[in-house]
1. Which count do you get for residues in the range 87-121 that are in contact with a helix residue (DSSP H, G or I) (Cβ under 7 Å, 6 or more places away or on another chain) and on the phi > 0 side of the Ramachandran plot?
2. Pull out all pairs, ordered by first then second residue, where Cβ-Cβ is under 8 Å, the residues are six or more apart or on different chains, the first lies in the range 216-232 and is among the charged types (D, E, K, R), and the second is not in a helix (DSSP H, G or I).
3. Where residues in the range 152-185 are small (G, A, S), more than 10 Å from the chain's Cα centre (by Cα) and more than 20 Å from K102 (Cβ to Cβ), which of them is most open to solvent (accessible area, probe 1.4 Å)?
4. For L66, which of the numbered conditions (1) in contact with a Gly (Cβ under 8 Å, 6 or more places away or on another chain); (2) closer than 21 Å to V170 by Cβ; (3) surrounded by 20 or more Cβ atoms within 10 Å (Cβ to Cβ); (4) not basic (K, R) fails to hold?
5. Regarding the range 16-23, can at least one residue be identified that is more than 15 Å from the ligand (Cβ to nearest atom), assigned to a helix (DSSP H, G or I) and of a type in the set (G, A, S)?
6. Restrict the check to the range 114-123 and report whether at least one residue is of a type in the set (S, T, Y), at pLDDT 95 or above and open to solvent by less than 40 Å² (accessible area, probe 1.4 Å).
7. Being free of Cβ contacts under 8 Å to residues at least 24 places away in the same chain and either open to solvent by 80 Å² or more (accessible area, probe 1.4 Å) or assigned to a strand (DSSP E or B) (or both) narrows it down to one of V148, V212, V188, so name that one.
8. Of everything in the range 215-232 that's among the polar types (S, T, N, Q) and either away from the ligand (no atom under 16 Å from the Cβ) or open to solvent by 70 Å² or more (accessible area, probe 1.4 Å) (or both), which residue is modelled with the lowest pLDDT?
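The values are calculated or read from the model by the stated rules, or taken from the named source; none is laboratory data. Please read all numbers here as calculations on a predicted model, not as lab measurements. Reconstructed Cβ throughout: ideal geometry from the backbone, glycine too, with neighbour counts over all protein chains shown. These accessible areas exclude ligands, DNA and RNA; they are computed on the full protein's heavy atoms, side chains included. Shrake-Rupley method; radii C 1.70, N 1.55, O 1.52, S 1.80 Å.
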Amino acid sequence: MDTTTLYQHSTLADLTAGLFSGTLPVSQLLQHGNTGIGTGDGLDGELIILDGIVYQVTSSGKVNKLQPTDKVPFATVHFANYDKVATYSGLDKDQTLERISKEKPWQNIFYSFALEGTFKYLKVRAVCKQEKPYSTLLEASKEQAIFVAQNISGKMIGHYSPKLYHGVAVGGFHYHFISDDHSFGGHVLDFQINQAELGLQAFETFQEHFPVDSKDFMDFDYNNLDNIAEQINSAEK
Ligand SMILES: [Zn+2]
């Protein structure tokens, strides 16, 4: 099992462009990793992948499990092999990300973090399933549902991407959460840790897989899409 490769299907830029149709079956995605994040077909919710199970948090707040034949438009996965490096207590979001970014000299590579424990406060969002013809990610993100929880235990899984790759991924940190009872989760907007253990995993290789069977993608003209970087920041942060 290769634990040094981060595998991504499609790009954030493709989502920004409104290429929301699922293009890779879950069964194929899971051949490249058992852990990660993504979104569902038609931008249907937030995915968090743990132990080879793809959990989907929809905009109703319900958590489903995707089936092997379900297709995803975007996902980033790896085989988990985290080193436990620290325990954090009482930190807010900015303090946590600052501390994570200083644990290792990994600013120029892709890496993953897992933060598992109890959280005093968590604010997550889930994007809403879109209907064709699709708009852009920025437009779709304006319809997102926001959920808040207090005193909840669970796991955050995320990736760090070097700034240079903003557009391919979200430059910096991008992370999703799921509660231990699998009833609450989403794309994380804000949080405060009670106590959580940090695991880190570095990648030597970033493998980018393109949706070559998608005519919409293959025919798409990126010259018609302005400000991809800014749109990703507005939609994802
Ligand atoms: Zn996300």
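1. 0
2. What qualifies is D216/L19; D216/S21.
3. The qualifying residue most open to solvent (accessible area, probe 1.4 Å) is S183.
4. Evaluating L66 over (1) in contact with a Gly (Cβ under 8 Å, 6 or more places away or on another chain); (2) closer than 21 Å to V170 by Cβ; (3) surrounded by 20 or more Cβ atoms within 10 Å (Cβ to Cβ); (4) not basic (K, R) leaves (2) as the failure.
5. No; the residues of the range 16-23 include none that is more than 15 Å from the ligand (Cβ to nearest atom), assigned to a helix (DSSP H, G or I) and of a type in the set (G, A, S).
6. No, the range 114-123 contains no residue that is of a type in the set (S, T, Y), at pLDDT 95 or above and open to solvent by less than 40 Å² (accessible area, probe 1.4 Å).
7. Unique residue meeting the criteria: V212.
8. My answer is N224.
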